[in-house]
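Only one structure is covered here, and it is reproduced in the block below.
The values are calculated or read from the model by the stated rules, or taken from the named source; none is laboratory data. Computed from a prediction, not measured in an experiment: that's the story for all the values here. Neighbour counts are summed over all protein chains in view; Cβ atoms, including those assigned to glycine, are modelled from backbone coordinates with ideal geometry. In case anyone asks, the SASA skips ligands and DNA or RNA and just uses the protein heavy atoms, side chains included. Shrake-Rupley method; radii C 1.70, N 1.55, O 1.52, S 1.80 Å.
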Amino acid sequence: MIGRNSDIREISSALASGASVVVAGPRRTGKTSVCDAVLGRLARRGFYVVAVDLFRIATAEELAESLVAQAISNRSALKRALHQTRRAGRFVADVVQTSAVVKSKAQLGEELEIAFQPGLAARNPERYLDYALDLPSLLAAADRKQVVVFFDEFQEIANPHQPYGDPDRLTKRMRAIFQRSSDVSYLFAGSLEHLMRDLFTPAHRALHQFGGFHDLRPIDEEAWRPGLAERFEADDCTVDDVAMSRIIEYGELHPRTTMLVAQKTHLTSVELETRTIDPTIVEQGLLAALRSDRVSHEQTTERIRRLHKLGLVVAQRLARGEPPYRQLPRGAVRRALEALRDAAIIESRGRGDWQFTSPLLRRYLANLMPFD
């Protein structure tokens, strides 16, 4: 990873010392990649790791099943049993009777059977979710291991649709379980920073100060230049200084955008059968990056239209660097900005300072036909 070694090292050290960490920021800025690298580093040091992505989990019972499956997979015999069950695509009674599973149920509780019997957790979601949240602590004590639990897109806990039940009630149960888990540390990541801060910062929240926030450092030009040069050199490509500056400029130091422009630039050079990257090839790489995201940008544009009646007008003004409030009702513009923020399309960098979470989306919106 380019420019992330310090973040990985610091988060790993905090978790290894027993602290819990919160990483918040827009999507496609490398949060999950950093967290995965942290888990990989700790696993190599002998830690047990448990990871769930709440974007992929729709209900409390699914969350319970996923947590239990991830936790017991740290035991190789149980991991093999899970694989056998899932390969069969159904409950396999003889798997649950194997010596490894029987022994583990005696140590960790009969409830771990939900990992092998899909649908069982639906009978009592609250009970099984409480068990699943407590399981890493039981596993740590039984195996004398330190455990790190990673919740990706944790702000989904506070989703208005309440997929896992009442958020306040659930976070209180989490706090009660987590704070007595002396050999377990927790890593929380979320792409809606204002929601993550609302979960962990206010004194009235159950998770108040439970985890320390770690802000990922911006990847500056001094890190991008050698990192990108190394990747181009891996395919015997050379990039002149102007072309490298252009890639970084177009990427706006945004991790995903910078890498995409670089990748499309490399692909263009391959298609042109040249290994020398100049500014002309970078220009074509940028256009290829915009084309590759066009469908996504069209879908996002339609979503913006539905968010608020002034959503697209306000978004286009921001994209063009124009004042969003000009000759428009201030209250309506404020609500449009909040809707765009809540949809992770823009983020606040201070009073009145809004930034698109995707530089390529900003370019796309800036070039749409004006609506005002």
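For region 95-203, what percent of Cα pairs sit more than 21 Å apart?
Result: 45 percent of Cα pairs exceed 21 Å.
When the gyration tensor of region 213-278 is built from Cα positions, what are the square roots of 5 times its three eigenvalues, in whole Å, from largest to smallest?
23, 11, 10
Sort Glu233, Glu347 by heavy-atom solvent-accessible area, probe 1.4 angstrom, most to least.
Glu233, Glu347
Over the chain, give the accessible area per residue in Å² for a 1.4 Å probe, as an integer.
With all protein chains present, the chain gives 49 Å² per residue.
Just subtract the alpha-carbon distance of Asn5 and Ser17 from 0.36 nm times their residue separation and send over the number in nm, one decimal.
2.5 nm
Under the definition of Cα pairs under 8 Å and six or more residues apart, what whole-number percent is the relative contact order of region 291-372?
Result for region 291-372 is 32 percent.
Are there trypsin sites (Lys or Arg not before Pro) in region 117-201 that DSSP marks as loop and that have at most 12 other Cβ atoms within 10 Å, and which are they?
Sites meeting the loop and neighbour criteria: Arg144, Arg180.
Show Asp198, Asp293 ordered by accessible area, largest first, where the area counts protein heavy atoms only and the probe is 1.4 Å.
Reading off the accessible areas and sorting them downward yields Asp198, Asp293.
Given H placed on each backbone N at 1.01 Å, which residues far from Phe213 in sequence or on other chains put an amide H within less than 5 Å of it?
Sorted by chain and number, the residues that satisfy this are Val22.
Which angle between 0 and 90 degrees, to the nearest 10, do you get for helix 31-44 versus the longest principal axis of the chain when only C-alpha atoms count?
Helix 31-44 sits at roughly 40 degrees to that axis.
P(r) for region 268-319: what percent of alpha-carbon pairs falls in each 10 Å bin, starting at zero?
22, 32, 22, 18, 6
What's the ranking of 349-355, 132-138 by average number of surrounding C-beta atoms within 10 Å, highest first?
Peptide ranking by packing, descending: 132-138, 349-355.
For region 165-308, taking Cα atoms only, what is the radius of gyration to one decimal and the Dmax to the nearest whole Å?
21.9, 61
Once you list every other residue whose beta carbon is under 15 Å from the beta carbon of Tyr48, what net charge do they have if Lys and Arg are +1 and Asp and Glu are -1?
Result for the neighbourhood of Tyr48: +4.
State, in angstrom, two size descriptors of region 159-219 derived from its alpha carbons: Rg to one decimal place and Dmax to the nearest whole number.
12.6, 38
With 5 Å bins from zero, work out the P(r) of region 1-117 over every alpha carbon pair and list the percent per bin.
For region 1-117, the binned pair fractions read 2, 10, 18, 18, 17, 14, 11, 7, 3, 0 percent.
When the distances between all Cα atoms of the chain are binned every 10 Å from zero, what whole-number percent does each bin get?
Calculated over all Cα pairs of the chain, the distribution is 5, 20, 25, 23, 18, 8, 1, 0 percent.
Give me the percent of accessible area attributable to carbon and sulfur for the chain, probe 1.4 angstrom.
47
How high is the relative contact order of the chain, in percent, counting Cα pairs under 8 Å that sit 6 or more residues apart?
Computed value for the chain: 18 percent relative contact order.
Ignoring ligands and nucleic acids, what accessible area does His308 show with a 1.4 Å probe (Å², nearest 10)?
Near enough 40 Å² of accessible area.
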